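The values are calculated or read from the model by the stated rules, or taken from the named source; none is laboratory data. What you see is a predicted model, and the numbers here were worked out from it, not measured in a lab. Because the Cβ atoms are built from the backbone with ideal geometry, glycine has one as well, and the counts that use them run over all protein chains shown. Note: accessible area is taken over every heavy atom of the protein model, side chains too, but ligands, DNA and RNA are not part of it. Shrake-Rupley method; radii C 1.70, N 1.55, O 1.52, S 1.80 Å.
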Amino acid sequence: MSRPMGRPARGAQPGGVRRVKVTSPQTRLALARGHRRHPQLLPLPAPADAEAARAVFAAQRRTALRTVALLGAVLFGTSGTIAALPVLDRVSLGGVPLSWLVLAVATYPVLLVLAFRHVRRTERVEDRAGPGGGP
């Protein structure tokens with residue numbers, strides 16, 4: 001059977017070159033083995049456990065919202081301070097403008113403290129909940 005002139009063969013590019021599927025050797029080996037772990041279904045929690053999990057999640061969400069608000073206050077506050085005090089651009093310390101030092105040196109320790117506080121608070125919420133208890 002011949003095909004009409006001007007139409008490429010099935011799977012071929014318009015220039016006549018066939019496409020080739022390229023995979024890594026690890027992928028080919030994994031596919032050749034063919035065994036995939038079947039996911040284990042977790043047992044459904046008791047209604048009391050589900051309610052406790054919702055309460056922990058809500059408490060952690062409140063903590064996250066507080067952390068994001070503080071993060072925004074730090075970042076926008078730093079930018080606002082630099083914009084409100086243009087003298088920070090004119091004052092230099094070791095040849096580096098003070099505004100740059102505020103951004104590069106003062107902001108990151110504050111962000112690190114915020115991150116540590118957030119993690120500690122969320123862990124405390126989980127610890128208070130305990131195995132099967134509420135917050």
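At-a-glance table
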quantity: Members of the range 86-116 found to be open to solvent by 80 Å² or more (accessible area, probe 1.4 Å) and either touching a Lys or Arg at 6+ places or on another chain (Cβ under 7 Å) or assigned to a loop (DSSP other than H, G, I, E, B) (or both), listed by number; calculated: Gly94
quantity: For Ala48: the one exception among (1) at pLDDT 75 or above; (2) surrounded by fewer than 10 Cβ atoms within 10 Å (Cβ to Cβ); calculated: (2)
quantity: Complete set of residues in the range 117-135 that are open to solvent by 80 Å² or more (accessible area, probe 1.4 Å) and either among the small types (Gly, Ala, Ser) or without any contact (Cβ under 8 Å) to a residue 24 or more places away in the chain (or both); calculated: Arg120, Glu123, Arg124, Asp127, Arg128, Pro131
quantity: Checklist (1) open to solvent by 100 Å² or more (accessible area, probe 1.4 Å); (2) at pLDDT 75 or above; (3) not aromatic (Phe, Trp, Tyr) applied to Arg10, failing item; calculated: (2)
